[in-house]
1. Name the residues in region 8-24 that are in a loop (DSSP other than H, G, I, E, B) and under 20 Å from residue 91 (Cβ atoms), would you?
2. Can you tell me how many residues within region 25-44 are surrounded by 19 or more Cβ atoms within 10 Å (Cβ to Cβ) and in a loop (DSSP other than H, G, I, E, B)?
3. How many residues, within region 81-106, are in a loop (DSSP other than H, G, I, E, B) and within 16 Å of the chain's Cα centre (by Cα)?
4. Between 89, 120, 110, 129, which is touching a helix residue (DSSP H, G or I) at 6+ places or on another chain (Cβ under 6 Å) and closer than 15 Å to residue 1 by Cβ?
5. Filter region 110-133 for residues that are crowded, with 24+ Cβ neighbours inside 10 Å and farther than 18 Å from residue 149 by Cα and give the result.
6. Would you confirm whether or not region 51-68 contains a residue that is touching a residue at least 12 places away in the same chain (Cβ under 8 Å) and within 19 Å of residue 154 (Cα to Cα)?
7. Answer yes or no as to whether residue 47 is touching a residue at least 12 places away in the same chain (Cβ under 8 Å) and touching a strand residue (DSSP E or B) at 6+ places or on another chain (Cβ under 6 Å).
8. Please work out if residue 78 is in a helix (DSSP H, G or I) and within 16 Å of the chain's Cα centre (by Cα).
């Protein structure tokens, strides 16, 4: 999982390298890719790629056009089933909506972002994961997250 890449190509390249090295088969991006050119490094990703809109997406039309190469498109809320776990991905720009998604009881995992602060919490039976900022612009730290759905554990990982 990753989020808030904000056009930092070098950071995205590091994230893709990390995911490939760790044989991650699905990467969820929780928003703020920003520009279509930022999708280029994801072509080297060996796993599947899915993403949601953030509050800073600049060119939604061309982002979605380029995402056809990945057999996906951006939405405000992504709902998937992975390993029998129900997962929602929502950027998190509206705290009330995020709170409703988490408290709905509908999802085993909710992936969010927006705050640029990495965090893993358990709320009721829902694991909430904010992978932090891949770009490293606000905190100076570039992070992603690894989710083990079998164990229902997530780990925040700092990219070098």
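1. 8
2. Count: 5.
3. Going through region 81-106 one residue at a time, the tally reaches 3.
4. Working: 89 fails: touching a helix residue (DSSP H, G or I) at 6+ places or on another chain (Cβ under 6 Å); 120 fails: touching a helix residue (DSSP H, G or I) at 6+ places or on another chain (Cβ under 6 Å); 129 fails: touching a helix residue (DSSP H, G or I) at 6+ places or on another chain (Cβ under 6 Å).
Among 89, 120, 110, 129, only 110 is touching a helix residue (DSSP H, G or I) at 6+ places or on another chain (Cβ under 6 Å) and closer than 15 Å to residue 1 by Cβ.
5. Passing the criteria: 113, 132, 133.
6. Yes, because at least one residue in region 51-68 is touching a residue at least 12 places away in the same chain (Cβ under 8 Å) and within 19 Å of residue 154 (Cα to Cα).
7. On the way: touching a residue at least 12 places away in the same chain (Cβ under 8 Å): yes; touching a strand residue (DSSP E or B) at 6+ places or on another chain (Cβ under 6 Å): yes.
So residue 47 passes the test.
8. Working: in a helix (DSSP H, G or I): no; within 16 Å of the chain's Cα centre (by Cα): yes.
So residue 78 fails the test.
Read-outs: derived from the displayed coordinates by stated rules, not from any lab. Note that this is a predicted model, so its numbers are computed, not measured. Here Cβ is always computed from backbone atoms with ideal geometry, including for glycine, and neighbour counts include all displayed protein chains.
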